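The values are calculated or read from the model by the stated rules, or taken from the named source; none is laboratory data. This structure is a prediction, so every number in the text was calculated from the model and none was measured. Here the Cβ positions follow ideal geometry from the backbone for every residue, glycine too, while neighbour counts run over all protein chains shown. Note: accessible area is taken over every heavy atom of the protein model, side chains too, but ligands, DNA and RNA are not part of it. Shrake-Rupley method; radii C 1.70, N 1.55, O 1.52, S 1.80 Å.
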Amino acid sequence: MKRTDPRRALPSVDAVLRAAKPAAAERERFTRTARDLLARARAARASGDAATFAAETRAALAERERLTLRSVINATGVVLQTNLGRAPLSPRALAAIAAAAGAVTVEYDLVAGKRGERHGHAARLLADLASAEDAVVVNNNAAAVLLALAALASRKEVIVARGELVEIGGGFRIPDVLRRSGAKLVEVGTTNRTYTRDYAGAISDKTGAILRVHASNFKITGFVARAEGRDLAALAHEHSIAFIHDLGSGTFLDTSRYGLGKELTIGEAVREGADIVTFSGDKLLGGPQAGIAVGRAEHIAALRTHPLMRALRPDKLTIAALLATLETYRSGTAETELPVWRMIAAAPRALASRARSVAAKLAAAGISAEVIEVRSTVGGGSLPEETQPSFAVTIGGGLATKIAQALRSADPPVVARIVEERVALDLRSVLPEDDEVLARAVVGALAKGGADGSSQLKNGPRPGTGRSV
């Protein structure tokens with residue numbers, strides 16, 4: 001008996017549309033999705049009726065249009081979690097964004113009644129805070145470095161220590177940025193030891209700048225030597241070339257006050273004599289994504305008037321949030337207003353108390369919970385290898401990967417860390433006002449079930465040892 005080809009039984013696209021009855025606004029998208037599904041079914045020699053393919057098309061379309069940029073609770077213990085957007089913004093910055101969402105004077109001078117200057121809004125405040133002559137803002141720190149090199153050293157040589165030719169997240173490499181800027185890289189020293197004399201020996205009439213780069217995400221220790229910033233500044237000025245210092249993260253506050261290693265502040269880098277100091281807006285500064293350059297007026301002017309500036313300039317919402325963030329430093333309230341510094345400054349005793357409270361709420365809902373001591377990191381390329389004491393709530397009752405997966409499906413999603421094969425909610429990266437939301441989200445997610453599987457997930461800092469308390 002002759003067999004019927006199952007592909008001949010597949011419904012037409014029109015039949016699927018009649019069965020699904022998509023709304024007019026989604027009909028075109030629905031049709032494309034149905035056509036794709038039918039094509040795959042035909043290739044796989046699958047079969048099904050119109051109602052079946054209508055349901056599958058509806059599910060496929062819903063998955064394709066699912067929102068992927070969602071607000072989450074960061075319980076990894078990494079304060080500046082790059083994958084979760086780095087610095088959370090303060091209420092003051094969020095209010096400034098809302099106020100700037102409409103018509104604003106981003107490039108309009110109300111006094112003169114004519115076009116104004118976009119780059120002047122944050123320049124004076126940044127310069128004052130950094131004790132610099134001038135400042136300019138672009139869309140991220142990589143852009144600030146690129147712009148500085150293009151404006152000050154294009155078609156010239158730039159001297160960089162071999163140990164500072166770094167690669168950070170996303171494949172960002174200093175040698176690549178140098179090439180894109182039109183500058184030529186000149187390496188000096190060795191991986192672990194570079195002296196001022198190494199820089200001096202590489203200077204020629206082709207030299208345009210000396211570049212110092214922050215060692216992001218790693219630390220070289222032991223038999224090491226590094227030229228002092230003030231010595232490099234003096235050397236650069238002696239030869240009439242620019243000294244550019246890429247701080248990477250950048251901070252106005254002394255990190256050693258919080259039990260962390262000493263990070264060179266923005267003001268200290270300026271006082272060392274750098275012509276340009278670049279840093280990020282969304283790391284230790286605690287503001288929106290931005291790249292900031294502060295320094296000597298003539299050098300900043302070269303950046304501001306460079307053709308690349310048009311492509312790299314910030315939008316009005318970034319400027320508004322940055323201004324609001326900077327105002328907290330001017331008023332001396334950054335530590336109590338900015339989420340980043342609130343998290344970093346949180347006392348271990350307070351974290352332990354909060355952890356016990358969260359654990360009690362979970363236990364009351366029938367969830368196995370225990371408070372443990374952990375070590376947390378700042379993250380975001382800031383203060384590599386530096387940790388702070390913290391407290392976390394571990395969740396039992398199943399295998400870690402399944403529990404972590406269930407938490408990521410919570411409302412709002414919770415991104416946790418793994419400590420010794422247990423899911424742990426590290427409160428260092430959770431603000432106190434979010435504790436109740438965190439507890440409700442965990443209870444809601446785990447009430448749905450799902451706690452089996454082998455533990456493979458590794459979120460947050462290196463697991464280390466978690467001690468029960």
Practice task
Kindly indicate the residue of the stretch 302-360 that is open to solvent by less than 60 Å² (accessible area, probe 1.4 Å) and outside any helix (DSSP H, G or I) and also farthest from Thr265 (Cα to Cα) among those meeting that condition.
Solution key: His306
Exercise for the section: Scan the stretch 227-241 and give yes if some residue there is closer than 26 Å to Gly380 by Cβ, touching an Asp or Glu at 6+ places or on another chain (Cβ under 7 Å) and open to solvent by less than 40 Å² (accessible area, probe 1.4 Å), otherwise no. Expected result: yes
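Which one is nearest to Ala215 (Cα to Cα), of the residues in the stretch 144-165 that are small (Gly, Ala, Ser) and not in a helix (DSSP H, G or I)?
Ala161
Hey, does the stretch 436-448 have a residue that's out of contact with any helix residue (DSSP H, G or I) (no Cβ under 9 Å at 6 or more places or on another chain), modelled with pLDDT under 95 and either open to solvent by 10 Å² or more (accessible area, probe 1.4 Å) or in a strand (DSSP E or B) (or both)?
yes
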Problem - Yes/no for Ala95 being small (Gly, Ala, Ser), under 20 Å from Thr333 (Cα atoms) and open to solvent by less than 50 Å² (accessible area, probe 1.4 Å) - result: no
Handout entry: Some residue of the stretch 65-78 being in a loop (DSSP other than H, G, I, E, B), in contact with a Lys or Arg (Cβ under 6 Å, 6 or more places away or on another chain), modelled with pLDDT of 95 or more and surrounded by 18 or more Cβ atoms within 10 Å (Cβ to Cβ)
Key = yes
Exercise for the section: List the number of the failed condition for Phe279; all other conditions in (1) in contact (Cβ under 8 Å) with a residue 24 or more places away in the chain; (2) within 14 Å of Ile159 (Cβ to Cβ) hold. Expected result: (2)
Exercise for the section: Just give me the residues in the stretch 95-138 being farther than 26 Å from Leu308 by Cβ and among the small types (Gly, Ala, Ser), in sequence order. Expected result: Ala95, Ala96, Ala98, Ala99, Ala101, Gly102, Ala103, Ala112, Gly113, Ser131
